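In what follows, a structure is listed as structure tokens, so that the remarks can point back to it.
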Number of protein chains: 2
Amino acid sequence: MSPKITGELLRQLRQAMRNCKYFSEPIQAYIVPSGDAHQSEYIAPCDCRREFICGFNGSAGTAIVTEQHAAMWTDGRYFLQASQQMDNNWTLMKMGLKETPSQEDWLISILPENSKVGVDPWIIAADQWKNMSKALTGAGHSLVAVQDNLIDAVWMERPERPSTQLRALGLDYTGMTWQDKITVLRAKMTERKITWFVATALDEIAWLFNLRGADIEYNPVFFAYAIVGMNTIRLFVDLKRLYDPALRNHLQLDSPSKPELSIHTFPYESVYTELQAICAALSPKDKVWICDKASCALTQVIPKAHRTPIPYTPLCLAKAVKNATEIQGMKMAHIKDAVALCELFAWLEKEIPKGTVTEISAADKAEELRSQQRDFVGLSFPTISSVGPNGAIIHYRPLPETNRTLSMNEVYLIDSGAQYVDGTTDVTRTVHFGTPSAFEKECFTYVLKGHIAVSAAVFPNGTKGHLLDSFARAALWDSGLDYLHGTGHGVGCFLNVHEGPCGISYKTFADEPLEAGMIVSDEPGYYEDGSFGIRIENVVLVIPTKPKYNYRNRGSLTFEPLTLVPIQVKMMNTELLTQKERDWVNEYHRKCREVVGAELERQGRKDALEWLIRETQPIV
Amino acid sequence: MSPKITGELLRQLRQAMRNCKYFSEPIQAYIVPSGDAHQSEYIAPCDCRREFICGFNGSAGTAIVTEQHAAMWTDGRYFLQASQQMDNNWTLMKMGLKETPSQEDWLISILPENSKVGVDPWIIAADQWKNMSKALTGAGHSLVAVQDNLIDAVWMERPERPSTQLRALGLDYTGMTWQDKITVLRAKMTERKITWFVATALDEIAWLFNLRGADIEYNPVFFAYAIVGMNTIRLFVDLKRLYDPALRNHLQLDSPSKPELSIHTFPYESVYTELQAICAALSPKDKVWICDKASCALTQVIPKAHRTPIPYTPLCLAKAVKNATEIQGMKMAHIKDAVALCELFAWLEKEIPKGTVTEISAADKAEELRSQQRDFVGLSFPTISSVGPNGAIIHYRPLPETNRTLSMNEVYLIDSGAQYVDGTTDVTRTVHFGTPSAFEKECFTYVLKGHIAVSAAVFPNGTKGHLLDSFARAALWDSGLDYLHGTGHGVGCFLNVHEGPCGISYKTFADEPLEAGMIVSDEPGYYEDGSFGIRIENVVLVIPTKPKYNYRNRGSLTFEPLTLVPIQVKMMNTELLTQKERDWVNEYHRKCREVVGAELERQGRKDALEWLIRETQPIV
């Protein structure tokens, strides 16, 4: 991978920073966050401004450019990748290391007195704006909202904002009409004395209206805003997308059943002026809910006295708890996904000895096999298909210049998933096609012990996911090992593969407690730089369980794996497993064989079925 | 325990709330926090204002009185105790329960429009003031600083502020002169470009100057403030206390070695005006460090542009990492403490069958035995000596009206500790003198498994204590059980038995990472309301350890128990223990026998030695 050449771009950007066309006085620094106007994790090409300016295309990172310097902050997952993708004009700021300054501290340490720092208010979250502004002001500088995006100003051939076709989901996929979702939302608003709710997150809007799009790769969402009042619903979206009669019917645009369930549609861009109009007509006691991670631009439209910022919106919370229809859909999606992966592994075993399979061709094969399954829509994230040392790059994505050939001598890690109309998958398996080393097996087994410790954990209702994170690490820690990422994230149902408000990570504290019906990933790992990477990931459903006692009637929860793909026994040092852990592996494999085996049989996929049967033999 | 009768007091307080002698307009609510002006956990009798007004004498709680209502917020440890100590005039607000409103929400729900809420700015922390003020202002009310304390106004016979004799500690106890501590502090200040540091926490001031007092029961501290600049040191304390020539010599008051190490002494009360004078002379770039939990009154003296509030001061952080001398002292203190407890248990075994030992007399006996040990100063907190159902009251303290007799039929829990000049102890043992029930043994064993899981945990450098909390709960959770308190707290060295900035609790997130030399408690429990309480507590030292690998050269840590008192084998269901856990118990008991046995022998305490030998037989 060769770095992007950025000298000329930076020269142009710095010229724009001095150009008073954009502001009354030149700015001394310009912040380029990685996001779009909807706090999206994955973004459309037109929003990839940070990648455009510095070359680094990971999912998280912030670039800052001053007259003299250009620096980019990212976290442990991306240290290696960022250092390879950025040229010498850029300084990589490794977040989480003690010696790395925060963006604020760095700016303060290098800026001349009374500097102005610019940022596009649409792509910085309100809470980040607040913190940054406070720190800069405290040091005698100021943070300035630059309405015209300066990257766009120097970006020739910037792509258009996508406007893909919308898909309406029926009750058999969603389990709840959008009308009922609006009613539940309004009940929450009434309960908290809220008169308006501004929805800015794309997955929340998609979930609310039971609509899906394809505006952002891997995420079946569409660019939109929604504003819900007690009697009105406003949807802001490219209006051309609503010409389809079926969609108009789904949204009851032409014949609403009740006036308060009538959706008023507006162009996407008019959200700012419409919100201004709403806010101009607020009564003194009216309160407006908006996520505290919404854009600074939109948040500041709401007068402070009326603004009630919340870390997680009621839609985010409601969406996280899957209903029976969604759970059933997720289970079906995971069975289909397992079929594709069993086929993949059976195929790999045959092909690898020929020396013709590469990281890219294996990923392509996985996609091809998934695409044969019913209701397949696309991948849920770029496949991480990595051999040997590439496996140690946590968010690796194979590129022609890094592409390695799968062999009998190296560990292979594949982290992949798909969007099906009935659900979203995300699964990681780490396998060896020859004979793994004792150290590889040892590390794999510690990771497996961590995976099982989380998956089999029993914990009281009300427990936050971050409290389970250490369970995944205990076996690694005992041997002096660790991994520098969280253990799990929320997973959407035919929605974003990463979603809030719950997860399993030592990095967060403000996550919401786990509840029955929530779905998260369980994915501890171990990464030996320059050598191999190991990760074992299942998507798991939070379910109620009944242990021996029921302290203070709180009730207990545990997890049920939705992912049903065998975990390679060859990679295990079974002597390091306890009897309880061995039982867990055997029961898990029994279920894989039973459930996925039946589907393989039905689909007549004989090779894969043979592979499954062999890979699910009980261990002793 | 009968509740305090508060009707007349509340009438007087409400009269004061309407009395314009104290403020320009009457206030509609008055907040009575539990603290003193130094964010102390334990407070002097003159500062027990919340107890005075409502009767509840637990360590945590806030009372709020309005014209119509009187309510008191406390946490799970104190629900039972508070309900017993308060009369009908008071509503108990159980913090942590979903249905309990926050103080802010409650005030907003009951106050008439545009209300004024008063509070003494010296006993509310700056950060609490800020949050409360923001919430009230948002709802159209205001928070008002009432300079004269209204509780003091209605408190006849309020005790004087204590001014006990000060004790200077030499290098053999502290391992570091106060001059060196000042130098290290100034280096930290230089590093962070800080020009002044205001010390308000009593244990930090005691630690900094290597002085101890006895102003607050159980905490060897004295009322003082300190302000340290780059060239000056100001100590604010009742000046009579510094007449003693030995003390003057310790502080070099009359012949400072260097001008910048000369201590200027001022009366305790003059801290406000002195800080005002310092702040009036600040240069534009000068910054003043003050703990964000310091009093609102003192914090607001520092102009905002110069104020750098910090969650943990450099003294708090330095004090938490014990040096070799302090560690050695803590070890010695724990051996002496174990001698006293071995004697106690040997004595209890003989006396209990007679039916003459009560919770109070057992606690008194424990104190008597500790007081026979060298360098004993006093208890480090009120002894929790509890039989049967009293054990389920987490912070129980036996009173004549609740005093139960120890018997062969009930579980006995004793949580006690002492201050010795060389160290502070805190130990809990739960024992049965007859035959424990299967359920009692089962619960005890789960608690023991949790205790061992923390004590034997290996974790990387940089790990925060709260990440270990779930280890202590896993065995309980597996059976549907839990306990509603944190697992551990920092422990001072001949200082407060509870100290920051580290601990092991799911409730905190902003704790500082554990470091070698830190000392915390490890005390999981289980409480069966109305029946029994179980807790197993050791004080443990964070030590480096060398597991098999050393991921990214981070280094690993684990704990070494400083407490060396046998854990009752009779209470264990050893079948529920793993071999690793049994090994831990046997190794722990071997060390108790070896180390404490030698000291018992030296002191000629034969009965206790016999008891120790019997109680430390290996289990299989």
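The values are calculated or read from the model by the stated rules, or taken from the named source; none is laboratory data. No experiment lies behind these values; they were computed from the predicted model shown. Here Cβ is always computed from backbone atoms with ideal geometry, including for glycine, and neighbour counts include all displayed protein chains. Note: accessible area is taken over every heavy atom of the protein model, side chains too, but ligands, DNA and RNA are not part of it. Shrake-Rupley method; radii C 1.70, N 1.55, O 1.52, S 1.80 Å.
Considering region B:453-503, and only residues there that are polar (S, T, N, Q) and surrounded by fewer than 24 Cβ atoms within 10 Å (Cβ to Cβ), the residue that is nearest to the other protein chains (Cβ to nearest Cβ) turns out to be B:479. For region B:535-575, the candidate set comprises residues that are at the interface with chain A (Cβ under 10 Å from one of its Cβ atoms) and open to solvent by less than 40 Å² (accessible area, probe 1.4 Å); within that set, the residue that is farthest from residue A:527 (Cα to Cα) is B:558. Find all pairs meeting these conditions: Cβ atoms under 7 angstrom apart; at least six residues apart or on different chains; first residue within region A:263-288 and among the polar types (S, T, N, Q); second residue open to solvent by less than 90 Å² (accessible area, probe 1.4 Å). Listed pairs, sorted by first residue: A:265/A:235; A:265/A:237; A:265/A:239; A:265/A:242; A:265/A:253; A:270/A:236; A:276/A:301. Picking from residues in region B:523-534 that are within 11 Å of chain A (Cβ to nearest Cβ) and surrounded by 20 or more Cβ atoms within 10 Å (Cβ to Cβ), the one that is farthest from residue B:471 (Cα to Cα) is B:527. Residue A:257 fulfils the conditions (1) polar (S, T, N, Q); (2) touching a helix residue (DSSP H, G or I) at 6+ places or on another chain (Cβ under 8 Å); (3) within 19 Å of residue A:163 (Cα to Cα) except for a single criterion, (3).
In this structure, residue A:578 qualifies as within 13 Å of chain B (Cβ to nearest Cβ) and open to solvent by 10 Å² or more (accessible area, probe 1.4 Å). Among the residues examined, residue B:422 qualifies as of a type in the set (Asp, Glu) and open to solvent by 10 Å² or more (accessible area, probe 1.4 Å). Look at region A:243-259: where a residue is under 17 Å from residue A:232 (Cβ atoms) and a partner is open to solvent by less than 70 Å² (accessible area, probe 1.4 Å) and part of a loop (DSSP other than H, G, I, E, B), sitting 6+ places away or on another chain with Cβ atoms under 8 Å, you get A:251/A:209; A:252/A:262; A:256/A:262. In region A:105-128, which residue that is touching a helix residue (DSSP H, G or I) at 6+ places or on another chain (Cβ under 6 Å) and more than 11 Å from residue A:31 (Cα to Cα) is surrounded by the most Cβ atoms within 10 Å (Cβ to Cβ)? The qualifying residue surrounded by the most Cβ atoms within 10 Å (Cβ to Cβ) is A:126. Restricting region B:425-439 to residues that are in contact with a strand residue (DSSP E or B) (Cβ under 8 Å, 6 or more places away or on another chain) and part of a loop (DSSP other than H, G, I, E, B), which is surrounded by the most Cβ atoms within 10 Å (Cβ to Cβ)? The residue in question is B:425. Being closer than 18 Å to residue A:291 by Cβ and hydrophobic (A, V, I, L, M, F, W, C) is the filter here, so list the residues in region A:223-232 that pass it. Once the filter is applied, which keeps residues that are closer than 18 Å to residue A:291 by Cβ and hydrophobic (A, V, I, L, M, F, W, C), region A:223-232 yields A:223, A:224, A:226, A:227, A:228. Filter region B:412-444 for residues that are more than 17 Å from the chain's Cα centre (by Cα) and within 28 Å of residue B:330 (Cα to Cα) and give the result. Correct list: B:412, B:413, B:414, B:421, B:422, B:429, B:430, B:431, B:444. In region B:513-522, of all residues being away from chain A (no Cβ under 14 Å) and of a type outside the set (Asp, Glu), the one that is surrounded by the most Cβ atoms within 10 Å (Cβ to Cβ) corresponds to B:519. The set of residues in region A:212-222 being assigned to a loop (DSSP other than H, G, I, E, B), on the phi < 0 side of the Ramachandran plot and open to solvent by less than 40 Å² (accessible area, probe 1.4 Å) consists of A:213, A:215, A:220, A:221, A:222.
Any residue at all in region A:504-512 that is among the polar types (S, T, N, Q), in contact with an Asp or Glu (Cβ under 7 Å, 6 or more places away or on another chain), more than 8 Å from chain B (Cβ to nearest Cβ) and surrounded by fewer than 24 Cβ atoms within 10 Å (Cβ to Cβ)? Checking region A:504-512: at least one residue is among the polar types (S, T, N, Q), in contact with an Asp or Glu (Cβ under 7 Å, 6 or more places away or on another chain), more than 8 Å from chain B (Cβ to nearest Cβ) and surrounded by fewer than 24 Cβ atoms within 10 Å (Cβ to Cβ). Counting the residues of region B:440-461 that are in contact (Cβ under 8 Å) with a residue 24 or more places away in the chain and in a helix (DSSP H, G or I) gives 15.
For region B:154-211, the set of residues classified as among the aliphatic types (A, V, I, L, M), open to solvent by 40 Å² or more (accessible area, probe 1.4 Å) and touching a residue at least 40 places away in the same chain (Cβ under 8 Å) consists of B:168, B:171, B:176, B:184, listed by residue number. Restricting attention to region B:246-262, the residues that are open to solvent by 80 Å² or more (accessible area, probe 1.4 Å) and of a type in the set (Lys, Arg) total 1.
Taking the stated definitions as given, is residue A:172 charged (D, E, K, R) and assigned to a helix (DSSP H, G or I)? Yes; evaluated as a whole, the condition is true for this residue.
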